[in-house]
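Visitor: Would you mind keeping the following structure in view while I ask a few things?
The values are calculated or read from the model by the stated rules, or taken from the named source; none is laboratory data. Quick caveat, the model's predicted, so the values are computed rather than measured. Don't worry about glycine lacking a Cβ; one is built from the backbone with ideal geometry, like all the others, and counts go over all protein chains shown.
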Amino acid sequence: MPDALKTYVRIVDGFNRRVGRIVMYGIFLLMGILLYSSISKLAFLPANWTLEMAQFVMAAYFLLGGAYSLQLDSHVRMDLLYGKWSPKTKAMVDVVTIMMLFVYLFFMLYGGVSSTAYALKFGETSYSAWSPYMAPIKIIMVIGIFLTFLQATSILIKDVAVAIGRPIA
C-alpha cells in the first residue's frame, strides 16, 4: 500500500481513538444531568432544561463515539457465516458492505449539513419551554457523521490491503 494511505489510516485511527476516549466520559455528564433532574423533581421545582439537555448529550455521545466504535469493530454484526471465513474473505465482503455504509453516511451528511445550515441561517430553536438553539447539536452531529465517514474510509483501506495480501499493521 502507498505510504500516503498508511499515513491516512494512522492519522484517522489515532484521531478517532482520542476523540472516542474523551467522549466516552460523556456518560458521566449524562448521568449528572439525569441525577440533577431526579433530585430537582423531588426536592424543589423541576428544571425545564434537563430532559432536552440529556437528549443533546446522548446524541453527542453516540454520534461522536460512532467512529471509535466502528474502529473497534464493536457494532452489532450478524455472524452466521462471517466468523468461519478467512481474514481475506472477510476483508473482501467488508469492502462490499462498507460501500453501503458510505451511501448511508453520504445521505446522513447531506441532510445534516443542510439542517445545520438552516439552523444557523434562521436561528432555529427547539419547540420546548427551554427553547435552546439547535445549531450546536447539529454541528456536533455533522462532525460525528464526518468522523465516521473518515473512519469508514480508513477501514476500507485496511480491508483492501488485507484482500490483496498486504495488510496494514
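Visitor: Restricting attention to segment 88-109, report how many residues are surrounded by 14 or more Cβ atoms within 10 Å (Cβ to Cβ) and among the β-branched types (Val, Ile, Thr).
Guide: 4
Visitor: For segment 32-77, which residues satisfy the criterion of being of a type in the set (Phe, Trp, Tyr), assigned to a helix (DSSP H, G or I) and surrounded by 14 or more Cβ atoms within 10 Å (Cβ to Cβ)? Steps first, answer last, please.
Guide: Our first condition is that a residue be of a type in the set (Phe, Trp, Tyr); within segment 32-77, this holds for 36, 44, 49, 56, 61-62, 68.
This time we only want the ones that are assigned to a helix (DSSP H, G or I), so: 36, 56, 61-62, 68.
Across segment 32-77, the qualifying residues are Tyr36, Phe56, Tyr61, Tyr68.
Visitor: Further question on the same structure: What pairs come up if the first residue lies in segment 72-88 and is at pLDDT below 85, the second is surrounded by 10 or more Cβ atoms within 10 Å (Cβ to Cβ) and not polar (S, T, N, Q), and their beta carbons are under 7 Å apart, counting only those six or more places apart or on different chains?
Guide: none
Visitor: Here are Tyr25, Tyr8: which of them is surrounded by 15 or more Cβ atoms within 10 Å (Cβ to Cβ) and either more than 30 Å from Ile164 (Cβ to Cβ) or not polar (S, T, N, Q) (or both)?
Guide: Values: Tyr25 fails: surrounded by 15 or more Cβ atoms within 10 Å (Cβ to Cβ).
Exactly one of Tyr25, Tyr8 is surrounded by 15 or more Cβ atoms within 10 Å (Cβ to Cβ) and either more than 30 Å from Ile164 (Cβ to Cβ) or not polar (S, T, N, Q) (or both), namely Tyr8.
Visitor: For residues that are part of a loop (DSSP other than H, G, I, E, B) and among the polar types (S, T, N, Q), scanning just segment 119-169, find the one that is surrounded by the most Cβ atoms within 10 Å (Cβ to Cβ). Don't jump to the end; show me each part of the working.
Guide: Our first condition is that a residue be part of a loop (DSSP other than H, G, I, E, B); within segment 119-169, this holds for 123-124, 126-132, 134, 164-169.
Still in the list and also among the polar types (S, T, N, Q): 126, 128, 131.
Details: Ser126: 14, Ser128: 11, Ser131: 12.
Looking at the filtered set, the residue picked out is Ser126.
Visitor: Taking only pairs six or more apart or across chains, which ones have beta-carbon atoms under 7 Å, a first residue in segment 16-27 that is under 12 Å from Ala59 (Cα atoms), and a second residue that is among the aliphatic types (A, V, I, L, M) and part of a helix (DSSP H, G or I)?
Guide: Val23/Leu64; Gly26/Val57; Gly26/Ala60
Visitor: Next question, about the same structure. Restricting attention to segment 111-133, does a residue exist that is under 13 Å from the mean Cα position of the chain (by Cα) and among the aliphatic types (A, V, I, L, M)?
Guide: No - not one qualifying residue is present in segment 111-133.
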